[in-house]
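**Q** Below is a structure I'd like to ask you about.
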Amino acid sequence: MKLFHAGDHPPQPADSKTFTGTASVVRMDGVNERPAVNVYRVEFQPTARTAWHSHSGSQLLLVIEGRCRLQRHGEPIQEIASGGAARIESGECHWHGATPDAPMVHLAVNIDSTTEWFEEVTDDQYAGHP
């Protein structure tokens, strides 16, 4: 058994190159070795979101507070309420973040995965305008 205590992993500001708005990230790398699993607790303030990105493996998003707004490239924006989850498949270009009116916290569980970052999500894209 190996424990990962939140106090051992202080929150850090999200990288402004890969996030728009105010967000903080708690990184818990190496939660599992085979397959490799990293867990990130991300707190988004209203309208904060990731840039477009994809993963080489799977990602699970577990929404623990608020509502998560997310979009797969070429599809409509969707939302998941607290207690819900989303599975992002390998290679899916997507973004996720808070709704315009409230903060959101999710756990991102990356399974055997690295992340490739792309351009920021524009305000128009975030609002659902192509």
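The values are calculated or read from the model by the stated rules, or taken from the named source; none is laboratory data. What you see is a predicted model; the values in this text were computed from it and never measured. Reconstructed Cβ throughout: ideal geometry from the backbone, glycine too, with neighbour counts over all protein chains shown.
**Q** For segment 19-42, enumerate the residues that are surrounded by 16 or more Cβ atoms within 10 Å (Cβ to Cβ) and closer than 19 Å to L60 by Cβ.
**A** Across segment 19-42, the qualifying residues are A23, V25, V26, M28, V37, N38, V39, Y40, R41, V42.
**Q** Would you mind stating whether R34 is basic (K, R) and at pLDDT 95 or above? First the steps, then the outcome.
**A** Details: basic (K, R): yes; at pLDDT 95 or above: no.
Criteria not met by R34.
**Q** Only one of (1) over 21 Å from S113 (Cβ atoms); (2) touching a Pro at 6+ places or on another chain (Cβ under 7 Å); (3) part of a strand (DSSP E or B) is not met by T47, so which one is it?
**A** (3)
**Q** Please list, ordered by first then second residue, the pairs with beta carbon atoms under 7 Å, 6 or more apart or interchain, first in segment 68-86 and at pLDDT 95 or above, second surrounded by 14 or more Cβ atoms within 10 Å (Cβ to Cβ) and of a type in the set (S, T, Y).
**A** R69/T99; E79/T99
**Q** Mind telling me which of the residues M1, M104 ends up being modelled with pLDDT under 95 and either surrounded by fewer than 19 Cβ atoms within 10 Å (Cβ to Cβ) or not small (G, A, S) (or both)?
**A** The match here is M1.
**Q** Okay, moving on. So, G66, is that one surrounded by 14 or more Cβ atoms within 10 Å (Cβ to Cβ), in contact with a helix residue (DSSP H, G or I) (Cβ under 8 Å, 6 or more places away or on another chain) and not hydroxyl-bearing (S, T, Y) or not?
**A** Values: surrounded by 14 or more Cβ atoms within 10 Å (Cβ to Cβ): yes; in contact with a helix residue (DSSP H, G or I) (Cβ under 8 Å, 6 or more places away or on another chain): no; not hydroxyl-bearing (S, T, Y): yes.
So G66 fails the test.
**Q** When only residues in segment 6-36 that are assigned to a strand (DSSP E or B) and polar (S, T, N, Q) count, which is farthest from T122 (Cα to Cα)?
**A** Residue satisfying both the conditions and the ranking: N32.
**Q** Among the residues of segment 40-73 satisfying the criterion of being under 18 Å from H94 (Cα atoms) and among the β-branched types (V, I, T), which is farthest from the chain's Cα centre (by Cα)?
**A** Going through the qualifying residues, I end up with T47.
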